[in-house]
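Have a look at the structure below before the remarks.
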Amino acid sequence: MSEPAIITTNNLNLWYSGKHALESVSIKVPKKRVTALIGPSGCGKSTLLRCFNRLNDLIDNVKITGEITLDNEDIHAPASDVVTLRKKVGMVFQKPNPFPKTIYDNIAYGPWVHGIRDKNELDRIVEQSLRHAALWDEVKDRLSDSALGLSGGQQQRLCIARTLAVEPEVILMDEPCSALDPIATSKIENLIDMLKEEYTVIIVTHNMQQATRVSDYTGFMYLGKLIECGRTKQIFEHPTEELTENYITGRFG
């Protein structure tokens, strides 16, 4: 990969209570591109994703070795601040998880926590974030309504807007469309394509067609190892590893 990397892992290993879940994973994630992680269930995709903003720290009996850098800085360095890291590296989960608050408060909450109190500035952030998430036109007259009244697809775009509100550099998406219908999925995929103009996106997906549609780069994982990673077209049309070819042609998985 010749493009500049925003996240790099070097010989990353992770154990859950002694189970070796990630084994010697080294990957470079290019800046302002979409990178998809594919592979069978339980192969370590989501675990790797959660390493990038240290969400695995919240799980008991986790041991991590190796190095992860963001903007060439070690995210596990003693001086590294997890709150700052999670502001830079946002997360969108498999199932939409809006707060039981108004649509407005869902978006304004993050900036407010980070010290923004000016109402005009919060108004600006809410509108801008909803516009970037392609949701503004659908909710601009309902900002004081509960976010729980939105459809599933709208809730997921709201969660993306909530992530954008704190101005991240990287957006992690863990199966963001798995709970959505085809129309809502299409809207999220179109949104991902727009987001990479300003953000780096890393998406875990079981849907290989989705990976080919939305990603510039694809990494194939199997049994905790990164088998290969490269441009999506190359991975799907001319994989270098037989294991990758067997998976994408449906011989296992």
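The values are calculated or read from the model by the stated rules, or taken from the named source; none is laboratory data. Note that the structure is a prediction, hence the values are computed from the model and not measured. Glycine also receives a Cβ, built like all others from the backbone with ideal geometry; neighbour counts cover every protein chain displayed. The area values use the complete protein model at the heavy-atom level, side chains included, leaving out ligands, DNA and RNA. Shrake-Rupley method; radii C 1.70, N 1.55, O 1.52, S 1.80 Å.
Restricting the calculation to alpha carbons of the range 11-147 gives Rg and Dmax of 18.1, 52 angstrom. Dividing the summed helix terms, -39500 (n - 2.57) for each DSSP H run of n ≥ 4, by the number of residues in the chain produces a 222 nm estimate of -10000 deg cm²/dmol to the nearest 500. The residues neighbouring Leu143, those whose beta-carbon lies less than 10 Å from its own, together hold a net charge of -3 under the Lys/Arg +1, Asp/Glu -1 convention. Loop-located chymotrypsin sites (Phe, Trp or Tyr not before Pro) in the range 191-253 (DSSP state not H, G, I, E or B) with no more than 15 neighbouring Cβ atoms inside 10 Å: Phe252. Per residue, the solvent-accessible area of the chain (1.4 Å probe, heavy atoms of protein chains only, all protein chains present) comes to 48 Å². Taking amide H atoms as placed 1.01 Å from N in the peptide plane, the amide H of Leu22 lies under 5 Å from those of Leu14, each 5 or more residues away in sequence or on another chain.
So what is the relative contact order for the chain, in percent, with contacts set as C-alpha pairs under 8 Å and at least six apart? Don't skip to the end; give the middle numbers.
On the way: 468 pairs, mean separation 69.7, N = 253.
28 percent.
Principal axis extents of the Cα atoms in the range 156-231, from largest to smallest and rounded to whole angstrom, are 34, 28, 20.
Quick check of the Kirkwood formula: for the range 128-177, what is the inverse mean of 1/r over all pairs of different Cα atoms, in Å? After inverting the pairwise mean of 1/r, the radius is 11.4 Å.
Label point 7 Å out from Glu73 along Cα-to-Cβ: which residues of the range 161-202 have amide N under 20 Å? Residues passing the 20 Å test: 164-172, 199-201.
Considering only DSSP beta bridges with both partners in the range 130-253, what is the antiparallel share in %, to the nearest 5? In the range 130-253, approximately 55 percent of DSSP beta bridges are antiparallel ones. Peptides 81-91, 200-210 ranked from most to least packed by the mean count of surrounding Cβ atoms within 10 Å: 200-210, 81-91.
Legend: Rg and Dmax of the range 1-47, from Cα coordinates, 12.3, 37 Å. Counting DSSP beta bridges with both partners in the chain, what percentage is antiparallel, nearest 5? Percentage antiparallel, nearest 5: 60. For the chain, the calculated P(r), taken from all Cα-Cα distances in 5 Å bins from zero up to the bin holding the longest distance, is 1, 6, 13, 17, 18, 16, 13, 8, 4, 2, 0, 0 percent. Packing-based ranking of 153-165, 113-125, 169-181 yields 153-165, 169-181, 113-125, ordered from highest to lowest mean Cβ neighbour count within 10 Å.
If the viscosity is 1.306 mPa s and the temperature 10 °C, what translational diffusion coefficient in µm²/s does Stokes-Einstein give for the range 63-134 when Rh comes from Kirkwood over Cα pairs? Don't skip to the end; give the middle numbers.
Details: Rh = 14.7 Å.
D = 108 µm²/s.
In the range 1-93, the portion of solvent-accessible area held by carbon and sulfur atoms comes to 47 percent [1.4 Å probe, whole percent, DNA, RNA and ligands not counted]. For the range 94-185, the fraction of alpha-carbon pairs lying more than 17 Å apart is 45 percent, rounded to a whole number.
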